[in-house]
Amino acid sequence: LNLKVALMVGEILKKHGVDVEYTRDDDSTVGLETRAEIANALNAGLFVSIHHNSTTTPDKGGTETYYYAPPERPELFMQKDERQKLANEIHKRLISNLRRTDRGVKQSNFSVLRNTEMPSVLCEICFISNPEEQNLAMQKTFQELAAQAIAEGILAYMGK
């Protein structure tokens, strides 16, 4: 599901003239640190990690978006406004398009966020451990809505 949405996001961005690179473009496994290394080696302008959340109980649901810029990491903290802006632009569009519970924009020490050198976010589209949201996540129209929201958020962040 993550890959499907990511590839859709990439196609939308390419149509708007954005250069897009993927950490993977097939159903292979790429480690979390390797993902950040790829983005850093490409000298990417921004990094977006797309996920579907899961928990041990089926009652949790909603959308959340993460960034990471703690004061104790000056190289990341210097990007706090940019990282937060990217997260906010994507998140508000995900909430508008998907109409899931708004779990907010949060900071978290995820590997892909702490190891990337550019503004970066991690999107949790919905909870696949929630039967209703899993059903939605499997639908192409829902995937397209998520991809459109993420792409529009990226474009807004870029001023396009």
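Summarise the accessible area of the stretch 1-151 (1.4 Å probe, protein heavy atoms) by the percent that is carbon and sulfur.
Working: 3720 of 7890 Å².
Heavy-atom surface of the stretch 1-151 belonging to carbon and sulfur, 1.4 Å probe: 47 percent.
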DSSP-loop GluC sites (Glu not before Pro) across the stretch 11-67, with at most 12 other Cβ within 10 angstrom = E21
Within the under-15-Å Cβ sphere about F47, not counting F47, Lys/Arg +1 and Asp/Glu -1 give a net charge of -3
Using the Kirkwood formula on alpha carbons, the hydrodynamic radius of the chain in angstrom works out to 15.7
For the stretch 9-113, give the magnitude of the charge dipole about the Cα centre (Cβ charges: +1 Lys/Arg, -1 Asp/Glu; no others), in debye to the nearest 20.
-> 520
Counting Lys and Arg as +1 and Asp and Glu as -1, what is the net charge of the other residues whose Cβ lies under 12 Å from the Cβ of K160?
-> -1
In degrees between 0 and 90, to the nearest 10, how far off the longest principal axis of the chain does helix 2-15 point, with axes built from Cα atoms?
-> 60
Quick shape check on the stretch 5-58: root eigenvalues a ≥ b ≥ c of the Cα gyration tensor, a/c under 1.5 is rounded, otherwise prolate if a/b tops b/c, else oblate, and it reads oblate
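What is the local net charge at K60, summed over the other residues whose Cβ is closer than 14 Å to its Cβ (Lys, Arg +1; Asp, Glu -1)?
Details: positive: R100, R103; negative: D59, E64, D102, E124, E132, E133.
Taking every Cβ under 14 Å from that of K60, the sum is -4.
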Using only Cα atoms, find the angle between the long axis of helix 80-98 and the longest principal axis of the chain, and express it within 0 to 90 degrees, rounded to the nearest 10.
-> 20
Debye, to nearest 20: dipole size of the stretch 54-154, +1 on Lys, Arg Cβ, -1 on Asp, Glu Cβ = 100
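Among bridges DSSP assigns within the stretch 44-152, what percent are antiparallel (round to 5)? Please report the intermediate quantities before stating the final value.
Working: 3 of 13 bridges.
If we restrict to bridges inside the stretch 44-152, about 25 percent are antiparallel.
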Reachable lysines from K15, Cα under 27 Å, same-chain residues fewer than 8 places away excluded?
-> K4, K85, K92, K140, K160
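The values are calculated or read from the model by the stated rules, or taken from the named source; none is laboratory data. Just so you know, these numbers come straight off a predicted model, no measurement behind them. Don't worry about glycine lacking a Cβ; one is built from the backbone with ideal geometry, like all the others, and counts go over all protein chains shown. What goes into the accessible areas is simple: the full protein's heavy atoms, side chains included, and nothing from ligands, DNA or RNA. Shrake-Rupley method; radii C 1.70, N 1.55, O 1.52, S 1.80 Å.
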